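Read through the structure below, which is laid out as structure tokens, and then see the notes.
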């Protein structure tokens, strides 16, 4: 189980350029990526997105990419041809204006385009990819570590749900005979002044009324949901969407139990069960 929260960073230097990649992720219902990178690298977005999606199923992911050139490795470019043109132009101007003295190198260097550093170097995708993969590896490790903590908490709370359900089962087993007896006595009281009432009919009606209030099916489904929850939590696969669906089923069954049972004992457990479910839901929001 992985969390959707994490951060990773990777650095690689090649051909005088230092690439730094930072990837952060937070909760999101779907796979959503945003890039911040130099415009010269935009052509690599799709490739980087594919690398991300191969490792991450969902979450909002922000990718920041920086590139710095090593100034010590920049090349000095001297435009000698242009310098000679400037020299010729200045010499011609001096003759035209009948100026004394020659043209010095200082005067030539006042023109900024005579000597310059080399232009920004072309992006090395292999180096960029290596920095990106390092950051991605760090990110996935962070998501896995955080996911282990979430899994531990969910497992503990699932254990609490199991114990509460066991208590409901025991209470239900104890009160069902009492409930049937009470319903039978109530029906007999209602029809005591009615002639020719078949006692078998009263027992059948009582059984039907008790059956409508029976929560055995809801208990069985809840037990199955808890086991399925544990199974999914133990898999090394994206589980967030499955958990979301199961939690809806949990809530449906426990609500039905609450509506069918009018005993204080079970009602109190139902409330506690819902509170624990809400805490599980909060944790599940962070599961990939």
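Apart from one condition, residue 55 fits all of (1) under 27 Å from the mean Cα position of the chain (by Cα); (2) touching a residue at least 40 places away in the same chain (Cβ under 8 Å); (3) surrounded by 14 or more Cβ atoms within 10 Å (Cβ to Cβ); the exception is (3).
Residues checked against (1) closer than 30 Å to residue 65 by Cα; (2) touching a helix residue (DSSP H, G or I) at 6+ places or on another chain (Cβ under 8 Å); (3) surrounded by fewer than 18 Cβ atoms within 10 Å (Cβ to Cβ); (4) at pLDDT 90 or above:
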residue	(1), (2), (3), (4)
128	yes, yes, no, yes
141	yes, no, yes, yes
151	no, yes, no, no
184	no, yes, no, no
190	no, no, yes, no
204	no, no, yes, no
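Summed over the range 235-267, residues that are within 14 Å of residue 284 (Cα to Cα) and over 15 Å from the mean Cα position of the chain (by Cα) total 5. Among residues that are in contact with a strand residue (DSSP E or B) (Cβ under 6 Å, 6 or more places away or on another chain), surrounded by fewer than 17 Cβ atoms within 10 Å (Cβ to Cβ) and within 30 Å of residue 155 (Cβ to Cβ), residue 32 is included. Return yes or no: is residue 254 farther than 30 Å from residue 54 by Cα, buried (at least 19 other Cβ atoms within 10 Å of the Cβ) and modelled with pLDDT of 90 or more? Spelling it out, residue 254 is indeed farther than 30 Å from residue 54 by Cα, buried (at least 19 other Cβ atoms within 10 Å of the Cβ) and modelled with pLDDT of 90 or more.
Restricting attention to the range 214-227, the residues being loosely packed, with under 14 Cβ neighbours inside 10 Å and either under 21 Å from residue 154 (Cα atoms) or under 32 Å from the mean Cα position of the chain (by Cα) (or both) number 3. When residue 43 is tested against (1) exposed (fewer than 12 other Cβ atoms within 10 Å of the Cβ); (2) in a helix (DSSP H, G or I); (3) under 26 Å from the mean Cα position of the chain (by Cα), exactly one condition is not met: (3). Out of the residues in the range 58-83 that are over 26 Å from residue 287 (Cα atoms) and modelled with pLDDT of 90 or more, state the one that is surrounded by the most Cβ atoms within 10 Å (Cβ to Cβ). So the residue we want is 65. Taking residue 54 as the residue in question, decide whether it is part of a helix (DSSP H, G or I), within 30 Å of residue 282 (Cα to Cα) and either modelled with pLDDT of 85 or more or in contact with a helix residue (DSSP H, G or I) (Cβ under 8 Å, 6 or more places away or on another chain) (or both). Considered against the rule, which asks whether it is part of a helix (DSSP H, G or I), within 30 Å of residue 282 (Cα to Cα) and either modelled with pLDDT of 85 or more or in contact with a helix residue (DSSP H, G or I) (Cβ under 8 Å, 6 or more places away or on another chain) (or both), residue 54 comes out as yes.
The values are calculated or read from the model by the stated rules, or taken from the named source; none is laboratory data. Worth saying up front: this structure is predicted, and the values here are computed from it rather than measured. We place every Cβ from the backbone using ideal geometry, glycine too, and count neighbours over all the protein chains shown.
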